[in-house]
Every structure is written in structure tokens, then in C-alpha cells.
Amino acid sequence: MNKSKCLDAVNQLMEDRRTQGKIEENRRREEISAAVPAIAQKERELQENHAAFFRFIADRDGSEEKFLEFRDKSLALQEEIKALLVQNGYPEAYLDPVHHCSVCYDDGVVDGQLCACYKQALSEQYLKESGMEHLFSGSCFANYDLSLYPEDSRDKMKKLLEFSKKYVKTFGEDSQNLLFVGEPGCGKTFLSVCIGCELIRAGNFVLYAPVQELLNDFEAATFRNKEAGLPTDDYLDADLLIIDDLGTEFYSSFVETTLYSVINTRLTRKKPTVISTNLSIEDRSECYAARLNSRLTYSFLNLEFPDADLRAETLRRKAARRKKQ
Ligand SMILES: [Zn+2]
């Protein structure tokens, strides 16, 4: 996953938002200037008062009384403008600066920390990088098609879906870690990314990665000193990390250590993780060493998915539709 590319895209987005805000501000000012000349006149008086105030500050010989005079005049003019706006059917803040985010004013940073809007945009970029962006449009849960499952599995899947909705609603640092277990094509990835998308929309920092991609990034950071352009710190810090397809990675002691370290660090930091895997508990005990296994078994809520092949069922339906046409 290319973090530098994602950061560049998010920084560009913030800049575009600031520019769009300025453009909208100017558009509103021109609109008001044409529609209500009295407001334009008050605006000019306000600007003149500000300019005179800055000259007064620069001269440094003013009195406290004069200072208060400038301030009171400015406040009075602002109130008059607001009143005129309302009288003419506009919101009173119509000429205020226009921002996409009212917390950081589209700076992306507030009190030295990344703003939630920045993290949300970064989550979306990561999703784009991982090819899962198409799931972000529309509400994932609402699009979940239970009829793709065999009839006798629908109840079980419905419960998993309800559980996931509740998980999103109550998400926080006390949320459980989830291990989605099931055969390929049974909807584990889809449901985990649904959870991720809903949480991104709610303003959380979410990172999705197929297990091999995550491991490639740690390998590059460890052995090729490329950490700066990789999201290794985000894998540890994201509000939610989704690791997809555990068990499909090429096994090595580096893999074992890295997986344990990522999972364990996140546990310590109280950052929930969702993992999907085809491996049963018996398979896992053959694949991984005891300490990683113990984490996966006891620190994660293991949720079994019903057998189904959603991809095959979707293709079968598409083919049937084509035949009808
Ligand atoms: Zn913000």
C-alpha cells in the first residue's frame, strides 16, 4: 500500500476544499453585493475599519480607548450586516468563511493532531488503493443480499449481519476483535469491508489490507528501509484494521513474528482488529505457533460463516438474466 500516494491525494483534497471554500465565499459576496447594496456598503465600512485598526496597531502609540472604539465599531457593523442578511431572507452567517470541516477549517490538523476529516479522507484513499472503493458508495449493510445464501443458512447469516450492524453502532476502543471464519466466497471479506465502510462514514480511521499486502509492507519497511512511504504505523494505530484472507500468506518466521506483533500491539493499544480466514481452529494450530494461535482463539470473537459460494451464485444469476434477455 502506497502511503505517500494516499497522503498526497488527501493533501490535494484539503487544498481543493480550501479553494472551493474561497470560491463559494466570493460567489456569495458578489451575489449579496448585487442583491442588497446596503450590505455591500456595510462590508466596505467594515474593511475600512479593519485597515484603520491595523495602521493603529502598527503605529503603536494608540490608547486603550481608541482600541475599544475600533473593536466596538467592528462588532456593531457585523451585527448590522447579520440583521440586514436576515431581513433580506439570507442566513445570518451567509458571508462567513465557508469550510467543509468546521473543526479544522480544512487544515486537516487541529491542536497538532490529524483532524477526523483528514483521517476519514485517508481511510477512503487506502480503500481506493486496495481496490475496495466500489463498496464505499451506497450503504453496504442495506445492499447485503441474504437471498444469495442457501435457504438453510440465511438465518445464521442474518444474525451475523445484525451483529455487525450493532458492532458498528457501538464501536469504540472496547469493541471486540473479530475473527470471521468460513470457506472462500462465503461473504467474509464483503461483510468486513461493509463494517469498515460504515465506520469510515462515521468518521473513524479504518485500514483494510489483504494479509500478504500488509506483510509485504512490513517486509519492505524492515529490510528495504522504505518505511516513510508505507502505512506500517497506520496498521498499528488505525481505529479499525481489517486483515483479509489470513492463511493465504507465504509462511516464514518473519511472517509469524510480524502477525503476532501487529495483533499484539493493537491489543495493547485497545485498537480493534477484524480478521477473515478460511482456516479452521485445527488448521490454525498447524499453521501458526502457540502464542499467535492463542491470541486468535482467545482475544478474538470467532464467528463462523455459513457455507455458500456468493461469487458462483452471483454469476449464475447474471447468466440466467442474460438468457431471459
Ligand atoms: Zn477537519
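The values are calculated or read from the model by the stated rules, or taken from the named source; none is laboratory data. Since the structure is predicted, the reported quantities are computational estimates derived from the model, not experimental observations. All Cβ positions, glycine included, derive from the backbone under ideal geometry; neighbour counts span all protein chains shown. Just the protein is used for accessible areas: all its heavy atoms, side chains included, with ligands, DNA and RNA removed. Shrake-Rupley method; radii C 1.70, N 1.55, O 1.52, S 1.80 Å.
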| task | Just flag the chymotrypsin sites (Phe, Trp or Tyr not before Pro) in the stretch 229-325 sitting in loop per DSSP whose Cβ has no more than 15 other Cβ atoms within 10 Å. | result | PHE250, TYR251
| query | Roughly how tilted is helix 253-268, in degrees to the nearest 10 and between 0 and 90, from the longest Cα axis of the chain? | reply | 50 degrees
| task | Considering the options PHE141, LEU241, LEU13, tell which one lies farthest towards the positive end of the dipole of the chain, charges being +1 on Lys and Arg and -1 on Asp and Glu at the Cβ, about the Cα centre. | result | PHE141
| said: Just the number please: accessible area per residue for the stretch 175-287, 1.4 Å probe, all protein chains included, in Å². | reply: 37 Å²
| Coordinate range along principal axes, alpha carbons of the stretch 130-313, Å, largest first | 49, 38, 31
| Roughly how tilted is helix 116-129, in degrees to the nearest 10 and between 0 and 90, from the longest Cα axis of the chain? | 40 degrees
| query | What shape does the stretch 217-288 have by the C-alpha gyration tensor, where a ≥ b ≥ c are the square roots of the eigenvalues, rounded means a/c under 1.5, and otherwise prolate means a/b greater than b/c and oblate the rest? | reply | oblate
| query | Rounded, prolate or oblate: which fits the stretch 3-87 when a ≥ b ≥ c are the square roots of the eigenvalues of the alpha-carbon gyration tensor, with rounded for a/c under 1.5 and prolate only if a/b beats b/c? | reply | oblate
| Cleavage-rule hits, GluC sites (Glu not before Pro), the stretch 156-202, DSSP coil, Cβ neighbours within 10 Å at most 14 | GLU173
| Leaving out same-chain residues fewer than 8 places away, which lysines sit with a Cα under 30 Å from that of LYS119? | LYS3, LYS5, LYS22, LYS128, LYS165, LYS166, LYS169, LYS188, LYS226, LYS270, LYS271
| message | Pairs of alpha-carbon atoms within less than 8 angstrom and 6+ residues apart define the contacts here; what relative contact order does the chain have, in percent? | response | 21 percent
| task | Could you check how much of the accessible area of the chain is carbon and sulfur, as a whole percent, using a 1.4 Å probe? | result | 50 percent
| request: Find how many whole Å separate the alpha carbon centroid of the stretch 289-325 from the alpha carbon centroid of the stretch 262-280. | output: 19 Å
| field | With at most 15 other Cβ atoms within 10 Å, longest stretch of the chain clear of loop trypsin sites (Lys or Arg not before Pro) (DSSP) | value | 61-223
| query | What does the charge add up to near HIS99, with Lys and Arg as +1, Asp and Glu as -1, over the other residues with Cβ less than 11 Å from its Cβ? | reply | -2
| request: Measure of size requested: the Rg and Dmax of the chain, with Cα atoms as the atom set and Å as the unit; please supply both. | output: 27.4, 88
| query | What list of ³J(HN,Hα) couplings, whole Hz, do you get for the stretch 40-47 from phi and the Karplus terms 6.51, -1.76, 1.60, once you set θ to phi - 60° and write x for glycine and proline? | reply | 4, 4, 5, 4, 5, 4, 5, 5
| remark: Over the chain, the sum of -39500 (n - 2.57) across DSSP H runs of at least four, divided by residue number and rounded to 500 deg cm²/dmol, gives at 222 nm -19500 deg cm²/dmol
